[in-house]
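Below is one structure, written out as C-alpha cells; the observations come after it.
Here, each number is a calculation from the coordinates, and none is a lab measurement. Note that the coordinates shown come from a computational prediction; the quantities given were computed from them, not determined experimentally. FYI the Cβ positions are ideal-geometry reconstructions off the backbone, even for glycines, and counts take in every protein chain you see.
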Amino acid sequence: MSAEPRLLLIVAHAPSANTRRLREAVVRGASSPEISGVGVKMLPPLEATPEDVLAAQAIILGTTENLGYMSGALKDFFDRCYYPVLELKQGLPYAAFIRAKLDGTGTRRAIESITTGLRWRAVQPPLVLHGDFREEFVAQCEELGSAMAAGLESGIF
C-alpha cells in the first residue's frame, strides 16, 4: 500500500503574460517527472481556500509588487485563510517569489510578517525578481518549484 502523495500548493497572482510564465515555470519545476510522491495544486489567490492550505504539506506563494506591497489578491488570500489555518498549520514549509519592478523590500517584509504570525517556516529567502523582465526569471522560478517539490519528496520539510 503506497502512501498518499504529499501536496505542494502554489498560490500565485499572475496578472500579466510574463507573470503567468513565472507561475507556469514554478508548476513545471514542481511537477518534474523526476519527483514522485508529490502532488501539485496551483490556484490563483482569489480561488484558494483555507481547506486548500489545510490539505497541503508545503506552499509556494507568488505575487507582484504593487505600490511597494504584495498584490491585493494575495493579501485577500491571507485575510481569508489566516485564522482558519493559524492553529492547524504551524510550521508549514513555504517559499515565495516576488515579481518586483523596484526592489521588492516592502512586499517581502509584508509576506514575512504574515507568515511569521502564522508560524510558517521559510525554507529559503524569498526569490525577488526585480527590474525589467529577464528570461532568467523563468529558470529561477522553475528551480524554485523543483527544489520545493524535491524537499517535500525527500522529507527535508
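Computed quantities for the displayed model
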{"read-out": "Long-range amide H partners of ASN66 with built H, under 5 Å", "value": "SER71"}
{"read-out": "Lysines with Cα under 22 Å of LYS89, excluding same-chain neighbours fewer than 8 positions away", "value": "LYS41, LYS75"}
{"read-out": "Mean Cα-pair separation over length for the chain, i.e. relative contact order, pairs under 8 Å, 6 or more apart, %", "value": "32"}
{"read-out": "Phi to ³J(HN,Hα) by Karplus 6.51 cos²θ - 1.76 cosθ + 1.60 over the range 89-98, Hz, x for Gly, Pro", "value": "10, 4, x, 4, x, 9, 9, 9, 10, 10"}
{"read-out": "Nearest-0.05 FRET efficiency for ASP132 and TYR69, computed from C-beta distance (R0 30 Å)", "value": "0.90"}
{"read-out": "Ascending count of other beta-carbon atoms within 10 Å, so fewest first, for GLU153, GLU65, GLU47", "value": "GLU47, GLU153, GLU65"}
{"read-out": "Largest-first principal axis extents of the Cα set of the chain (Å)", "value": "49, 35, 24"}
{"read-out": "Percent of beta bridges antiparallel (DSSP, the chain, rounded to nearest 5)", "value": "5"}
{"read-out": "Restricting the range 115-149 to chymotrypsin sites (Phe, Trp or Tyr not before Pro) in coil, as DSSP defines it, with at most 10 other Cβ within 10 Å", "value": "none"}
{"read-out": "Point-to-point label distance, ASP103-GLN124, nm (Cα→Cβ direction, 7 Å offset)", "value": "2.3"}
{"read-out": "Sparsely packed GluC sites (Glu not before Pro) within the range 85-151, loop by DSSP, other Cβ within 10 Å at most 10", "value": "GLU87, GLU135"}
